[in-house]
Amino acid sequence: QVQLVESGGGLVQPGGSLRLSCAASGRFFGYYTLGWYRQTPGKQRELVAVITSDGTTTYADSVKGRFTISRGNAKNMVYLQMNNLKAEDTAVYYCNLNWATQDYWGQGTQVTVSS
C-alpha cells in the first residue's frame, strides 16, 4: 500500500518562499513519476510540477522560473521549492505518485499567499 504524506505548507507574504516536502512509503519500483498538483475551490486539480524516476522534470507555465521540483537521495522523497510566491499560488497542494497506471495522492497541504 503506497502512502504519501506532505508537509511544509503555510501562510507567506507575496514574494516569499516555501518548501513543500512529500514522503512516499510502500512498494513501488521501476518507472514512476512524483509530482505536485494544486486545487482551489470550484476548480479542477491542476499540475504544478512532475519529476520522473529518471529525473526528467515538467512544470506548469505559471510556475516556470519560480518553482523547482527535486527528489531526495532516497527515492521516496520529493520536494517543491516555491519562490517569488504570488496570491494566485494560493491553493491546497497535493503530492502525487503515478506508478503502474495507478495514481496515489497525499492528503494535501494548504499554501496561502497573502499580505
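Computed values, structure above
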| quantity | calculated |
| --- | --- |
| Largest to smallest accessible area among 6, 46, 88 [probe 1.4 Å] | 88, 46, 6 |
| Residue 52 accessible area, assembled protein chains, probe 1.4 Å, Å² | 20 |
| Student exercise, the range 41-89 dipole from Lys, Arg, Asp, Glu Cβ charges, in Debye to nearest 20 | 80 |
| Probe 1.4 Å, accessible area per residue of the chain, Å² | 54 |
| Area of residue 104 that stays accessible when all protein chains are in place (1.4 Å probe, Å², to 10) | 50 |
| Residues of the range 1-37 with amide N under 16 Å of a point placed 7 Å along Cα→Cβ from residue 53 | 1-3, 24-35 |
| Accessible surface of residue 94 - all protein chains present, 1.4 Å probe, nearest 10 Å² | 40 |
| Under 9 Å, Cβ to Cβ, from residue 82 - net charge with Lys/Arg +1 and Asp/Glu -1 | +1 |
| The chain - percent relative contact order, Cα under 8 Å, separation 6 or more | 36 |
| Accessible surface of the chain [probe 1.4 Å, protein heavy atoms]: carbon and sulfur percent | 47 |
| Straight-distance crosslink candidates among aspartates and glutamates, where the alpha carbon sits under 14 Å from residue 75 and sequence neighbours closer than 8 are dropped | 54 |
| 3J(HN,Hα) from dihedral phi, the range 40-49, Karplus parametrisation 6.51/-1.76/1.60, rounded to Hz, x for glycine, proline | 10, x, x, 10, 6, 5, 10, 5, 9, 7 |
| Straight-distance crosslink candidates among lysines, where the alpha carbon sits under 25 Å from residue 43 and sequence neighbours closer than 8 are dropped | 64, 86 |
| Test item: Cα-centred dipole of the range 1-107, Lys/Arg +1 and Asp/Glu -1 on Cβ, debye | 120 |
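The values are calculated or read from the model by the stated rules, or taken from the named source; none is laboratory data. As the structure is a prediction and not an experimental result, all values here were calculated from the model. All Cβ positions, even for glycine, are placed from backbone atoms using ideal geometry, and neighbour counts span all protein chains on display. What goes into the accessible areas is simple: the full protein's heavy atoms, side chains included, and nothing from ligands, DNA or RNA. Shrake-Rupley method; radii C 1.70, N 1.55, O 1.52, S 1.80 Å.
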